[in-house]
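A short write-up of the structure that comes next.
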Ligand SMILES: *Cc1c(COP(=O)(O)O)cnc(C)c1O
């Protein structure tokens, strides 16, 4: 498989180069050159395969010869090392729980997969690779855990000094070894700006093989296709049926992965992109005007993004045709108040605890099903994080009820590493530290 840049379709690179650079040098995102089609028989047989075999079958064409099957199989086993249960909430509405990974966020799958790929490439090149990421919370933890102790890889994570929760901070700062956490005196946008400038800086690029680990990187979103297949595997009984998916969306990487799965042949009837009040995409679907506004802070903070990078991939996939896109996608936004109300409602009525992101997924699904008056097709919303990650934002009567499992308890009791790097948001100061660090 080759990948082309969205800024210049003639710029083709291998999977290896797409993962090692993150973004095309012309600034465009990479897209797979074609989308392989799967035979209908594959879907009939899905319940009889284990999840590793399914994952291998789906992802192999996207990687080709760049990672030998033996290693790819190992990477898949390391990536899918937790479960993805599908549970019925009520009527035709189901939840796909994606938060059983090591950092309790769906981002664990993408982070562990890209860590495996980069570690393989670094060994092959006999060179160290440096991963530089900015985080507003969830990405940092998943990336830190996914890359921890991976040979040949060093990870530098920038986070805003007062912008992430204490649990998220522990997840980033307590691992040490090849994981360097840097607190930036500034906002998430400042962190992101430092990363962007570093990618363009000649001296930094001369010294390091630098790549990203957020969802602009194909190595992050490709494995997210697995969720949709694994959900389908749990829901089909006899006949092939079509599913409706609601995806709580921020940078739209997760939704894009689902759309690729659908183009491969997975029977998905419709998608709902559910957002918080950062609603660029819901507005776009109505007016066809793409007009990001300044980011608003919400209780579903992993989705506080107003210019989602992966939406350009979706728009390209639907050939920039609003009518085609509307046939497959609706998008709704919800306020914090609506989010909290639904968490409370679902708990009281069905004894199921949603986190703020999953609650938005549920609300989007409900609204769509009501609009089309559909109560029969199987419908699934993705639950992207464990409610404990957003403890401070949960309704207070629920905070005490959140069950802490053992592993998490260890995390909560962990002390922060005392040796912490703290920098201002000035690029020159960051750059001299970055070039000198040991
Ligand atoms: C990252 C994240 C999202 C948004 O996913 P995208 O792929 O960026 O749209 C939703 N929920 C949680 C908990 C997240 O961490």
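One table, with the values for the structure above:
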item: Filtered residues of region 204-219 (kept if under 22 Å from residue 79 (Cα atoms) and assigned to a helix (DSSP H, G or I)); result: 218, 219
item: Test for residue 194: is it under 22 Å from residue 309 (Cβ atoms), away from the ligand (no atom under 16 Å from the Cβ) and without any contact (Cβ under 8 Å) to a residue 12 or more places away in the chain; result: no
item: Test: residue in region 136-148 that is touching a helix residue (DSSP H, G or I) at 6+ places or on another chain (Cβ under 9 Å), in contact (Cβ under 8 Å) with a residue 40 or more places away in the chain and either farther than 21 Å from residue 113 by Cα or part of a loop (DSSP other than H, G, I, E, B) (or both); result: yes
item: Single condition residue 42 does not satisfy, out of (1) part of a loop (DSSP other than H, G, I, E, B); (2) surrounded by 15 or more Cβ atoms within 10 Å (Cβ to Cβ); result: (1)
item: Residues located in region 94-146, provided they are at positive phi and either buried (at least 23 other Cβ atoms within 10 Å of the Cβ) or within 15 Å of the chain's Cα centre (by Cα) (or both); result: 104, 137
item: Among residues of region 8-37, those that are modelled with pLDDT under 95, surrounded by fewer than 19 Cβ atoms within 10 Å (Cβ to Cβ) and part of a loop (DSSP other than H, G, I, E, B), counted; result: 4
item: Candidates 175, 194, filtered to the one that is more than 23 Å from residue 248 (Cβ to Cβ) and touching a strand residue (DSSP E or B) at 6+ places or on another chain (Cβ under 8 Å); result: 194
item: Residue match in region 372-389 (condition: within 15 Å of the ligand (Cβ to nearest atom), surrounded by fewer than 23 Cβ atoms within 10 Å (Cβ to Cβ) and not in a loop (DSSP other than H, G, I, E, B)); result: yes
item: One residue from 300, 376, 306, 330 being at pLDDT below 95 and in contact with a strand residue (DSSP E or B) (Cβ under 8 Å, 6 or more places away or on another chain); result: 300
item: Residue list for region 220-276, filter: part of a loop (DSSP other than H, G, I, E, B), touching a helix residue (DSSP H, G or I) at 6+ places or on another chain (Cβ under 8 Å) and more than 16 Å from the ligand (Cβ to nearest atom); result: 236, 240, 241, 264, 265, 266, 267
item: Condition check for residue 293: away from the ligand (no atom under 13 Å from the Cβ), crowded, with 19+ Cβ neighbours inside 10 Å and either at pLDDT below 95 or in a helix (DSSP H, G or I) (or both); result: no
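The values are calculated or read from the model by the stated rules, or taken from the named source; none is laboratory data. Worth saying up front: this structure is predicted, and the values here are computed from it rather than measured. A quick note on method: Cβ atoms are made from the backbone with ideal geometry, for glycine too, and the neighbour counts reach across all protein chains shown.
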